[in-house]
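The values are calculated or read from the model by the stated rules, or taken from the named source; none is laboratory data. The shown structure was predicted, so the numbers you read here are calculated from the model rather than taken from an experiment. Using ideal geometry, Cβ is built from the backbone for each residue, glycine included, and neighbour counts are taken over all protein chains shown.
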Amino acid sequence: MSIVFIVNPFATRVTDESIAVVERELGRAGAVETIRTERPRHATDLVVEAGRSRSDAIVVYSGDGGFNEALNGMHADVPIGFIPGGGASVLPRALGLPPDPVEAARQVAKAIESRTTRRITLGRVNGRRFGFSAGVGLDAEAVRRVDEMGRSSDGRRPGDLAFARAVVGAIASNRGHLDPSLEVVGLGRAAFAFVANGSPYTYAMGIPLQLVPDADFELGLDIVAPVRVRRRSLLWTAYALLLGHPRAAEVLVGHDLDRIEVRCDVPLPLHADGEDLGDVETAVFEAERAAVSVLV
């Protein structure tokens with residue numbers, strides 16, 4: 001078996017030592033060609049090339065940003081595996097892999113040997129794929145605030161606490177009030193929107209956050225869109241969302257959808273898998289059912 005092993009050396013938990021150990025585990029399943037990314041979007045190009053070379057498997061060791069880049073390069077029907085190397089690494093953990101990269105590599109290697117795969121749905125928003133979640137408004141604004149904090153000297157992004165502070169800051173900048181500012185076509189008006197093709201939506205300090213609890217990798221897209229937030233309802237809305245009971249709050253909900261269109265009153269931030277995609281007036285989300293074959 002020929003395995004293309006794509007590594008993001010700037011991911012939070014990726015080190016030279018861990019690369020060597022993960023590479024050794026994957027080597028139990030075949031011949032490994034290790035390639036390190038050198039620039040933004042490089043993983044996309046590397047996956048495209050791996051597909052053209054007819055590799056038997058592609059394995060990506062990165063955080064969620066690198067996984068997103070890789071998925072946007074997947075055009076050939078080659079199985080792909082994900083080794084958690086970021087602070088959250090939502091995608092591999094949501095697919096059932098352990099957070100420890102060595103143990104995850106061991107499981108991925110076994111999947112390569114036994115040719116065990118799972119076909120999953122991907123999302124696409126305004127032409128860009130996402131592996132587990134996307135959003136318009138509040139959480140996308142928090143992603144932007146974290147990006148504006150910059151990276152450490154070794155290229156690593158701020159962690160979960162920084163993201164929590166960014167969410168609080170985004171709410172505080174609106175004085176605790178978030179009024180309807182977008183239209184989810186066919187469902188109604190809302191303040192912001194979470195869209196997912198799997199669950200959990202994300203992790204915080206290792207805890208899964210089931211913001212869109214009914215999303216399933218074998219189905220279409222789900223949306224949860226809080227209608228409005230007031231200071232008096234803020235704690236209850238956050239409580240309901242974080243516990244995975246969005247219907248306990250005032251929200252719009254859509255399940256197993258092929259297409260979701262969101263029209264914003266003014267340009268609002270958009271993200272996919274935690275990557276800032278800029279401000280948009282319209283976001284069109286589409287489900288790519290059974291789009292890729294993942295090693296699990």
(request) Would you please name the residue that is nearest to VAL146 (Cα to Cα), looking only at residues in segment 237-281 that are modelled with pLDDT of 95 or more and basic (Lys, Arg)? (result) ARG263
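Looking for whichever is over 22 Å from the mean Cα position of the chain (by Cα) and β-branched (Val, Ile, Thr) here; the options are ILE83, ILE112. Which one fits? First the steps, then the outcome.
Working: ILE83 fails: over 22 Å from the mean Cα position of the chain (by Cα).
That would be ILE112, the only listed residue that is over 22 Å from the mean Cα position of the chain (by Cα) and β-branched (Val, Ile, Thr).
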(request) All but one of (1) touching a Phe, Trp or Tyr at 6+ places or on another chain (Cβ under 7 Å); (2) in the same structural domain as LEU178 (by TED's automatic domain parsing) hold for PRO92, so report the exception by its number. (result) (2)
(request) Identify all residues within segment 45-87 that are farther than 23 Å from SER2 by Cα and surrounded by fewer than 24 Cβ atoms within 10 Å (Cβ to Cβ); write none if there are none. (result) GLY65, GLY87
(message) From the list SER53, SER89, SER2, exactly one residue is among the hydroxyl-bearing types (Ser, Thr, Tyr) and under 25 Å from GLY198 (Cβ atoms). Which is it?
(response) SER89
(message) Checking the conditions here, which among ILE58, ILE80, ILE3 is in contact with a strand residue (DSSP E or B) (Cβ under 8 Å, 6 or more places away or on another chain), closer than 25 Å to THR202 by Cα and either among the polar types (S, T, N, Q) or touching a residue at least 60 places away in the same chain (Cβ under 8 Å) (or both)?
(response) ILE80
(message) I'm trying to understand the selection: among the residues of segment 28-48, which are part of a loop (DSSP other than H, G, I, E, B) and without any contact (Cβ under 8 Å) to a residue 40 or more places away in the chain?
(response) THR37, GLU38, ARG39, PRO40, ARG41
(request) Just give me the residues in segment 99-136 being free of Cβ contacts under 8 Å to residues at least 24 places away in the same chain, within 25 Å of GLN210 (Cα to Cα) and of a type in the set (S, T, N, Q), in sequence order. (result) none
(message) Against the conditions (1) under 16 Å from the mean Cα position of the chain (by Cα); (2) assigned to a loop (DSSP other than H, G, I, E, B), where does GLY186 fall short? Just the number, please.
(response) (1)
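Yes or no: segment 140-160 includes at least one residue that is among the aliphatic types (A, V, I, L, M), in the same structural domain as ILE223 (by TED's automatic domain parsing) and modelled with pLDDT of 95 or more.
no
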(request) May I ask you to list the residues in segment 257-296 that are buried (at least 18 other Cβ atoms within 10 Å of the Cβ) and among the basic types (Lys, Arg)? (result) none
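Residues to consider are ALA249, ALA272; find the one that is at negative phi and either outside the structural domain of GLY186 (by TED's automatic domain parsing) or under 17 Å from the mean Cα position of the chain (by Cα) (or both). Outline the logic, then answer.
Numbers: ALA249 fails: either outside the structural domain of GLY186 (by TED's automatic domain parsing) or under 17 Å from the mean Cα position of the chain (by Cα) (or both).
So the residue among ALA249, ALA272 that is at negative phi and either outside the structural domain of GLY186 (by TED's automatic domain parsing) or under 17 Å from the mean Cα position of the chain (by Cα) (or both) is ALA272.
So which residues in segment 228-250 are among the aliphatic types (A, V, I, L, M) and either closer than 21 Å to VAL284 by Cβ or in contact with a helix residue (DSSP H, G or I) (Cβ under 8 Å, 6 or more places away or on another chain) (or both)? Full working, then the answer.
Start the filter on segment 228-250 by keeping residues that are among the aliphatic types (A, V, I, L, M), which leaves 229, 234-235, 238, 240-243, 248-249.
Result: VAL229, LEU234, ALA240, ALA248, ALA249.
Is there a residue in segment 233-256 that is in a loop (DSSP other than H, G, I, E, B), surrounded by 15 or more Cβ atoms within 10 Å (Cβ to Cβ) and among the hydrophobic types (A, V, I, L, M, F, W, C)? Lay out the reasoning, then the answer.
If we filter segment 233-256 for residues that are in a loop (DSSP other than H, G, I, E, B), which is where we start, we get 243-245, 249-250.
Next, from what is left, pick out any that are surrounded by 15 or more Cβ atoms within 10 Å (Cβ to Cβ): 244, 249-250.
Okay, now just the ones that are also among the hydrophobic types (A, V, I, L, M, F, W, C), so 249.
Yes, segment 233-256 has at least one match.
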